[in-house]
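Working notes for the structure below.
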Amino acid sequence: MSETVQDKVDFLVIANRLPVDRKIDDEGNVSWQSSPGGLVTALEPVMQRKGGAWIGWHGAPDEVVEPFHHDGYDIHPVPLSAQEVEEYYEGFSNATLWPLYHDCVVEPVFHREWWDAFQKVNKRFAEQAAEQAAEGATVWVQDYQLNLVPTYLREMRPDLRIGFFLHIPFPPIELYSRLPWREELVEGLLGADLVGFQTPGAAANFLRLAKRRPGVTASRGRAHTRDGRDVVVRDFPISIDSRGFHELATSEKVQAETAKLREDLGNPETIIFGVDRLDYTKGLRQRIRAVGELFKEGKLDPHEVVFLQLATPSRERVEEYKILRDDINQLVGQINSKVGTIANRALVYRNESVPREVLAAMYQVADLMLVTPVRDGMNLVAKEYIACRSNDDSALVLSEFAGAARELKQAYMVNPYDIDGMKATIMKALTDSPKVKARKMRSMRRQVFDKTIDVWADDFLTELEGR
Ligand code: ADP
Ligand code: F6P
């Protein structure tokens, strides 16, 4: 494979973010770090396998970065000004669409100037793709930040095959209808040949909206557009590189890391683990409250049990994320001041991102994994735990509001809003017989190793290329 950047490519991924973020420290030193979130975790192995090009923002405002070759594919950084980061990314993407699409768990904010910036930046991504795509190329647009790209790109390059995949939930019509720009956003997606969602419910929500557009009809998983095209609308539940995670978790390096981690945590009998971006959709408040109460009530003994919670800082300048960060710090402080000792902290909370090997070690030592979002498109953490943890005496507590709950049916299901119910389920997951737990783990392992990221990408691209 060529090591130089190609002029035109047959396969393109466009996502708001590149798989790596450019970081510049106070002394002006530049470094590249893996970007956070499920989208990158899922798509990196696909790109390594297929080659082509990835178009995305490199994570630093007001910086122009030249294209470069990385891990078998080309990277084309798209520049964003500081004002665009504020209005398109933090504003419209993450303070308007993100909460709206996650059932309005916090109030979405609507600003007309954010919408202007959203259109402008989507156009820039589309232009960059139009420039890089070879005649008849396949272009795969990712996620809500680029909702308008399919239609812009079709106008510029009608020869392309355009797919769109939404990594997050798609809300019911009653919530979606609040959006002042709902028509434009639905039209934006109808520019694609194929629109994929995480669940059948999300696909159905979109089809209901699409057929309200004048001149658009919908039947059997297709929308028929005014200009005579058929857009296939379907669910494609995303997954992970399960074998890659498993091999990493069982490697010598990670085994050594595992032993050290256990030691650092004070060699407790039981380790409970949670790992998320620090996001209000992840149900962190509810989860920490539930575990905290179990410690306070003496149902969990801090001499025997440690709850390790990792939270990657995320979208730190968006108001609701600031509020969440302060709330969680306060909650953790309150719990640790009431239970445990300095030597035996009940709750070990780290507000940081860790390298993949360290994360794999954490999954390996976790006897119980807590994944309790109040709403989540899929949640890859749940699948990563199943792929990494090789001990059968393990348990996954999973929110019924995560897309993953449709597949990991053997998990201990919870409604994160029901704190007492969650506490009871956590205790059940900790005390069920090894036989019951082993049966559940084996069944979920089968699911995660059958339906891998390669299966997901092949399903999507086969459907798209057949269009
Ligand atoms: P989202 O896409 O909303 O962030 P997912 O659970 O689907 O949620 O994906 C999160 C991804 O980010 C997973 O691959 C997970 O391993 C990774 N991740 C989350 N928190 C951390 C962390 N603190 N350190 C390293 N990786 C993390
Ligand atoms: O997986 C959902 C998602 O919003 C991705 O689109 C995104 O890259 C990831 O979470 C992390 O969020 P952000 O790019 O805003 O840091």
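The values are calculated or read from the model by the stated rules, or taken from the named source; none is laboratory data. Note that the structure is a prediction, hence the values are computed from the model and not measured. Reconstructed Cβ throughout: ideal geometry from the backbone, glycine too, with neighbour counts over all protein chains shown. Ligands, DNA and RNA are excluded from the accessible area calculation, which covers all protein heavy atoms including side chains. Shrake-Rupley method; radii C 1.70, N 1.55, O 1.52, S 1.80 Å.
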Q.
Relative contact order for the chain: what percent, with Cα pairs under 8 Å and sequence separation of 6 or more?
A. 13
Q. Quick one: which of 118-127, 333-342 comes out on top by average Cβ neighbours within 10 Å, and what's the full order, highest first?
A. 118-127, 333-342
Q | Part-to-part distance (alpha-carbon centres) for region 268-329 and region 91-164, which is given in Å | A | 33
Q. What FRET efficiency do you get for S219 and S81 if R0 is 35 Å and r is their Cβ-Cβ distance, rounded to the nearest 0.05?
A. 0.20
**Q.** Candidate lysines - alpha carbon under 27 Å from K211, same-chain residues fewer than 8 apart omitted
**A.** K120, K123
**Q.** Spin-label proximity, R317 to region 66-110 - amide N less than 19 Å from point 7 Å beyond Cα toward beta carbon
**A.** 78-99, 109-110
Q: Once you have the Cα-Cα distance between R226 and Q48, take 0.36 nm times their residue separation minus that, and quote the gain in nm to one decimal.
A: 60.3 nm
**Q.** For region 362-369, 3J(HN,Hα) per residue [Karplus equation, 6.51 cos²θ - 1.76 cosθ + 1.60, θ = phi - 60°, Hz, x = Gly/Pro]
**A.** 5, 4, 4, 8, 7, 6, 9, 10
Q.
Using the Karplus curve 6.51 cos²θ - 1.76 cosθ + 1.60 with θ = phi - 60°, what ³J(HN,Hα) values do you get for each residue of region 106-114, in whole Hz, with x for Gly and Pro?
A. 10, 6, x, 10, 10, 9, 5, 6, 5
**Q.** Cβ-based net charge around T372, under 13 Å, with every Lys or Arg adding one and every Asp or Glu removing one
**A.** +1
Q | Helix-only CD estimate at 222 nm, as mean residue ellipticity for the chain, using -39500 (n - 2.57) per DSSP H run (n ≥ 4) | A | -12500 deg cm²/dmol
Q. For the chain, with every protein chain kept in place, what is the accessible area per residue (1.4 Å probe, Å²)?
A. 40
Q) Based on the Kirkwood radius over alpha-carbon pairs, what value in µm²/s does the Stokes-Einstein equation return for the translational diffusion coefficient of region 240-449 at 37 °C and 0.692 mPa s? A) 193
**Q.** Rounded Å value of the spacing that divides the Cα centres of region 411-467 and region 22-56
**A.** 27
Q) With the contact rule set at Cα under 8 Å and sequence spacing of 6 or more, what percent relative contact order holds for region 293-363? A) 46
Q: Could you check the simple spin-label distance between V30 and D454, using points 7 Å along Cα→Cβ, in nm with one decimal?
A: 3.5
Q) Quick one: if the Förster radius is 22 Å, what FRET efficiency do S337 and K299 give, using the C-beta to C-beta distance and rounding to 0.05? A) 0.70
**Q.** Amide N of region 229-248 lying under 13 Å from the label point, which is placed 7 angstrom from the Cα of R356 along Cα→Cβ
**A.** 240-248
Q: Could you pull out the trypsin sites (Lys or Arg not before Pro) across region 358-430 that fall in loop regions by DSSP (anything but H, G, I, E, B) with no more than 14 other Cβ atoms inside 10 Å?
A: K409
Q) How much length, in nm to one decimal, is gained on full extension between D327 and D420, taken as 0.36 nm per residue of separation minus their Cα-Cα distance? A) 31.4 nm
Q: With a 1.4 Å probe and all protein chains in place, put E27, E183, E66, E113 in order of accessible area, largest first.
A: E27, E66, E113, E183
Q | Per-residue HN-Hα couplings for region 227-240 [Karplus 6.51, -1.76, 1.60; θ = phi - 60°; Hz; x = Gly/Pro] | A | 8, x, 9, 9, 10, 7, 10, 8, 8, 9, x, 6, 9, 10
Q) For R467 and E107 in the same chain, what is the full-extension length gain: residue separation times 0.36 nm, less their Cα-Cα distance, in nm? A) 125.8 nm
Q.
Sorted from largest to smallest, which semi-axis lengths in Å does the alpha carbon gyration tensor of region 127-222 give for its equivalent ellipsoid, taking the root of 5 times each eigenvalue?
A. 23, 13, 13
Q) Assigning unit charges at the beta carbon (Lys, Arg +1; Asp, Glu -1) and nothing else, what dipole magnitude in debye, to the nearest 20, does the chain show about its Cα centre? A) 1820
Q | region 240-449, relative contact order [Cα under 8 Å, separation at least 6], % | A | 25
Q | Geometric extent, Cα atoms of the chain - Rg, Dmax (angstrom) | A | 22.3, 68
Q: Could you look at the chain and say what percent of its accessible area is carbon and sulfur, using a 1.4 Å probe and all protein chains?
A: 46
